[in-house]
1. Just to be sure I understand, how many residues within the stretch 95-119 are assigned to a loop (DSSP other than H, G, I, E, B) and at pLDDT 95 or above?
2. Hey, among the residues in the stretch 257-277 that are in contact with a helix residue (DSSP H, G or I) (Cβ under 7 Å, 6 or more places away or on another chain) and part of a loop (DSSP other than H, G, I, E, B), which one's modelled with the lowest pLDDT?
3. Please determine, by comparing only the residues of the stretch 300-326 that are in contact with a helix residue (DSSP H, G or I) (Cβ under 8 Å, 6 or more places away or on another chain) and among the acidic types (Asp, Glu), which one is farthest from GLY266 (Cα to Cα).
4. For ALA164, all conditions in the list (1) loosely packed, with under 15 Cβ neighbours inside 10 Å; (2) within 30 Å of ALA54 (Cα to Cα) hold save one; what is the number of the exception?
5. I'm checking my understanding of the structure. Among residues of the stretch 120-135 that are touching a strand residue (DSSP E or B) at 6+ places or on another chain (Cβ under 7 Å) and surrounded by fewer than 21 Cβ atoms within 10 Å (Cβ to Cβ), which one is nearest to PRO106 (Cα to Cα)?
6. Could you give me the residue pairs with C-beta distances under 6 Å whose first residue belongs to the stretch 88-106 and is more than 17 Å from VAL139 (Cβ to Cβ), whose second residue is assigned to a strand (DSSP E or B) wherever it lies, and which are 6+ apart or on separate chains?
7. Which count do you get for residues in the stretch 167-189 that are part of a helix (DSSP H, G or I), under 28 Å from PRO53 (Cα atoms) and touching a residue at least 40 places away in the same chain (Cβ under 8 Å)?
8. Residues that are touching a Phe, Trp or Tyr at 6+ places or on another chain (Cβ under 6 Å), buried (at least 22 other Cβ atoms within 10 Å of the Cβ) and outside any loop (DSSP other than H, G, I, E, B): does the stretch 292-312 have at least one?
Amino acid sequence: MRRTLLTATAVTAAALALSSCGTTEPAADSAEKSAEAITLTDGTGAKVKLDGPATKVVATEWNVVESLVSLGVKPVGVADPKGYNTWDGAVPLTNSPKDIGTRGEPSMDTVASLKPDLIVATNDLPASAVKQLKKIAPVLSVKSADGTGQIDQMLTNVDLIAKATGTTDQAKTVRSDFEAKVAEGKKAIAAAGLDGTDFAFADGYVASNQVTIRPYTAKSLIGEVSAEIGLKNAWTVKGDAAYGLGSTDVEALTDLPKDTQFAYIGNDEDEGATPFNGALTKNSVWKSLPFVKSGDVHRLDDGIWMFGGPGSMSAYIDSVVGALTK
């Protein structure tokens with residue numbers, strides 16, 4: 001806290017008075033606390049001020065939950081922790097945080113009851129919810145995705161959260177481990193003679209008996225990581241500006257190159273989210289695709305969050321390299 005400037009005489013008098021009554025220690029504590037204060041600019045451009053590294057942290061989205069866990073921080077509150085452990089098993093929770101509600105609609109009462117010193121959110125959370133959360137504790141919002149540089153944005157988010165939680169050394173390790181995994185994956189793909197292989201990753205869902213397929217284009221996080229290890233994105237559909245995700249139907253898969261390697265991540269707990277080994281197995285168009293006939297459809301390991309952090313992407317590299325080189 002800034003103090004009002006005193007005249008030289010007043011300063012001298014105050015010093016003598018403090019000396020005589022032995023109250024200089026609180027002043028030292030105040031200075032120490034001020035030195036630990038943290039001011040950050042988050043992903044929305046907002047200034048976030050903390051008294052010191054946050055220890056009681058609430059997270060409203062799974063990608064920031066993963067970042068916290070990777071940094072060794074155990075969040076006290078998480079949006080849908082059961083869903084997180086199902087879809088992001090690559091970086092599982094190491095504690096039992098309070099369920100604060102859904103990722104889009106956190107319970108303000110539950111969050112407030114935890115008395116957090118920091119709430120980590122993303123720019124996908126509605127502004128109205130962020131406004132309410134800011135009445136409870138400082139809110140650090142990160143940019144969930146950036147089609148102009150997904151990997152850079154992912155690592156930037158980790159670094160920002162690390163600064164807020166005093167875990168910058170851990171962030172360096174997270175970054176170096178990921179970079180090493182990329183190099184390892186690239187080497188394995190090249191050694192198998194697969195560099196430049198046409199590769200298409202997608203997820204899908206079934207609603208009202210209709211199958212929708214969501215291609216992960218070259219501008220998606222999965223797309224960028226795949227390119228880093230030497231695979232060529234086979235999708236020609238256009239994705240959205242932020243996530244690089246497209247939307248298509250099974251007929252559009254006929255536009256993929258005949259020698260495409262097709263991959264997806266499933267979830268046995270949600271049959272509607274895994275059409276490639278479910279609803280589509282009876283579809284004549286799907287069954288006629290060259291890569292389906294040749295057995296070049298790969299279900300990657302469950303529990304890899306496609307929008308996660310370095311931990312998920314490292315697990316993705318291991319899984320896709322293992323699938324393509326077996």
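The values are calculated or read from the model by the stated rules, or taken from the named source; none is laboratory data. Everything numeric in this text was worked out from a predicted model, so none of it was measured. As a convention, Cβ positions derive from the backbone with ideal geometry for all residues, glycine included, and neighbour counts pool all protein chains shown.
1. Residues flagged as assigned to a loop (DSSP other than H, G, I, E, B) and at pLDDT 95 or above within the stretch 95-119 amount to 12.
2. Across the stretch 257-277, the extreme among qualifying residues is GLU269.
3. ASP318
4. (1)
5. Filtering first and then ranking leaves ALA129.
6. PRO97/GLY77; PRO97/VAL78; LYS98/GLY77
7. 6
8. Yes, because at least one residue in the stretch 292-312 is touching a Phe, Trp or Tyr at 6+ places or on another chain (Cβ under 6 Å), buried (at least 22 other Cβ atoms within 10 Å of the Cβ) and outside any loop (DSSP other than H, G, I, E, B).
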